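Below you'll find the structure, written out as structure tokens, and then a few comments.
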Amino acid sequence: MSHAKSREVTLAAKITDELSHALDALRQAWKENPAAIPKGLSCSESLAGDFVLVAAESAFVTLPGACVIKGIGAIELLGPDPAFDEGAKSKSLILKATAEGWRFSVKFLPPIVRERNAR
């Protein structure tokens, strides 16, 4: 039986000035000392030179209308849809600094739905 691969969904989100400053400070700290990044967060640079922050499931909390990254700040989610499918596993929040601004997405494994034979 094959299982679904991970799914990445772009979020419509609003960033505050406080969160923007916290992300810029985190980026600078990462450049100076990569070991200083809090547990559950990982930073990298894309091939295009964009800063990428990945928050593991242990480093953020999803609330109705927001995702809160521990020690960084909150991202206001626009729209009524939840960030993750109910029952999703291996959740990650991905923030990418692009020339157009910050891009937010979530990556997760959708729940496995088993269909039983009805006899």
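The values are calculated or read from the model by the stated rules, or taken from the named source; none is laboratory data. All of these numbers come straight from a predicted model, not from anything done at the bench. Counting neighbours? That spans all protein chains shown, and the Cβs are built from the backbone with ideal geometry, glycine included.
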When the residues of the stretch 17-61 are filtered to those that are free of Cβ contacts under 8 Å to residues at least 40 places away in the same chain, among the polar types (S, T, N, Q) and touching a strand residue (DSSP E or B) at 6+ places or on another chain (Cβ under 7 Å), which remaining residue is farthest from SER92 (Cα to Cα)? SER44
Out of all the residues in the stretch 44-61, is one or more of a type in the set (Asp, Glu), over 13 Å from the mean Cα position of the chain (by Cα) and modelled with pLDDT of 85 or more? yes
Out of the residues in the stretch 63-97 that are under 10 Å from the mean Cα position of the chain (by Cα) and of a type outside the set (A, V, I, L, M, F, W, C), which is modelled with the lowest pLDDT? LYS91
